[in-house]
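The values are calculated or read from the model by the stated rules, or taken from the named source; none is laboratory data. Small disclaimer: the values here were computed from a predicted structure and weren't measured. Virtual Cβ from ideal backbone geometry, glycine too; neighbours counted across all protein chains shown. Areas reflect the complete protein model, heavy atoms only, side chains present, ligands, DNA and RNA absent. Shrake-Rupley method; radii C 1.70, N 1.55, O 1.52, S 1.80 Å.
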Amino acid sequence: MSAPAVDRRIRSLRPRKTHIDPYRAHGSLIEEERRPGGKIEQALTVFLTGAECPFTCSFCDLWRWTIDGPTPPGALTTQLESVLQALDGPVPDRLKIYNASNFFDQRAVPSEDLPGIARLAASFAAVTVESHANTIGPSALAFARQIPGHLEVAVGLETIHPVAGAHLNKRLDLERFDRAAHFLAENGVDLRVFVLLGAPYVPVDESVAWTMRAVEYAVERGASVVSIIPVRGGNGEMERIQGLGHFTPPTLSQLEECLDLSLHFTSTVVTADLWDAERLPACEHCRSERVERLRRLNVTGCAEPRIGCTVCGAA
């Protein structure tokens, strides 16, 4: 099936998109983040509303928070300014601008908005944005020069499993990822990497092993931070793949195993993405304690014994 046909199928299976106001951010949060070397930062993450990513990955659920059509000029600066004006207390160390798309895609982030975004980000020591590896180039360096703080670009590697990678509909091969990683490193821009746990077409008994291989791949290419993201269902396509026997939702135990196996890295901080952790298959009796343990490990990087449970036998 051609790529446009795959795109159409994926989009046709999605639930109806809720109307989103393009002049209002759909969320923000402040949390502690560990950085290489052990420093703990206060990070403000702002979830901006704008154009949908054009790559139509099979596992994506971020399209829910996007609009139809390009982002209106001025919308992102309006959203970001509103969030920053509502801040109470000292300015956090890092600003993370996540727009559910690609920061260096002019359809998602109009070029005329970049100076305004840079001005709003001027109080932060570091700024993180997200973008597909295919969009990383001179525009990333231009933005890095506009901000006083240090730039970090978050890129989805997802998986290095050869079969799974070919089925993600991401239009990304490892050579292109490597070029993006090298380009950022060569120009003094930090790299943050997203890795999937439970990627479709990875056998369930190999899921943790392939996730760890992707983590190691990112570490070897100089990632400052690697975030392990459990694949979530709900977009229609994942349910279709699950019905074919090629996807098994990842479990909380698998996420625990991945993070425990990642604590030995020193040059790279590896964390577990806990967004929607309550949806991961797990024992309801011990789930909350186990999620809180992962939250602590994300910040401290120090090993802790697993949570024991008399109901499920977890230890």
Toward the positive end of the charge dipole of the chain, about the Cα centre and with charges on Cβ (Lys, Arg +1; Asp, Glu -1), which of 92, 199, 233 goes farthest? 233
Centroid-to-centroid separation of the range 12-41 and the range 265-283 [C-alpha atoms, Å]: 15 Å
Cβ-based net charge around residue 75, under 12 Å, with every Lys or Arg adding one and every Asp or Glu removing one: -3
Gyration tensor verdict on the range 1-58 (Cα atoms; rounded if a/c is under 1.5, prolate if a/b is larger than b/c, oblate otherwise): oblate
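Can you give the net charge of the other residues whose Cβ lies under 14 Å from the Cβ of residue 267, counting K and R as +1 and D and E as -1? Mind showing how you got there, number by number?
On the way: positive: 34, 35, 39, 192, 221; negative: 190, 216, 220.
The answer is +2.
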For the chain, with every protein chain kept in place, what is the accessible area per residue (1.4 Å probe, Å²)? 44 Å²
For residue 309 and residue 276, extending 7 Å from Cα along the Cα-Cβ vector and measuring point to point gives, in nm, a value of 2.0 nm
Of the range 59-99, those with amide N under 12 Å from the point 7 Å along the Cα→Cβ vector of residue 112 are 72-75
Simple label model, 7 Å out from Cα along Cβ direction - residue 182 to residue 91, nm: 3.6 nm
Compute the separation of the alpha-carbon centres of the range 155-222 and the range 81-150 and state it in Å as a whole number. 23 Å
Amide H contacts under 5 Å for residue 226, restricted to residues at least 5 apart in sequence or on another chain and with H modeled in the peptide plane, are 193, 269, 270, 271
Determine the shape class of the range 102-178: with a ≥ b ≥ c the square roots of the Cα gyration tensor eigenvalues, call it rounded for a/c under 1.5, and otherwise prolate if a/b is greater than b/c, oblate otherwise. prolate
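Dividing the convex hull volume of the Cα atoms of the chain by its residue count, what figure in Å³ per residue is obtained? Let's see the in-between values first.
Values: hull volume 43.1 nm³, N = 315.
Cα convex hull per residue, to the nearest whole number: 137 Å³.
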Quick one: dipole size for the chain, taken about the Cα centre, charges +1 on Lys/Arg Cβ and -1 on Asp/Glu Cβ, in debye to the nearest 20. 500 debye
Once the Cα atoms of the range 182-315 are picked out, what are the Rg and Dmax in Å? 15.6, 52
For the range 138-270, what relative contact order do you get, as a whole percent, if you take Cα pairs closer than 8 Å and at least 6 residues apart? 25 percent
Taking R0 as 45 Å, what FRET efficiency do you get between residue 122 and residue 285 from their Cβ-Cβ distance, rounded to the nearest 0.05? 0.40
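Run the accessible area of the chain with a 1.4 Å probe and give the carbon-and-sulfur part as a rounded percent.
Values: 7410 of 13940 Å².
The value for the chain is 53 percent carbon and sulfur by accessible area.
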Given the DSSP H assignment, sum -39500 (n - 2.57) over each helix run of at least 4 residues in the chain and divide by its residue total; what's the result at 222 nm in deg cm²/dmol, nearest 500? -9500 deg cm²/dmol
Sites residue 8 and residue 81, calculated FRET efficiency, Cβ-Cβ separation with R0 45 Å, nearest 0.05: 0.75
Charge dipole (the range 118-269, unit charges on Cβ, about Cα centre) - positive-most of 185, 242, 139: 139
Residue 20 versus residue 300, label points 7 Å from Cα toward the beta carbon: distance in nm? 3.6 nm
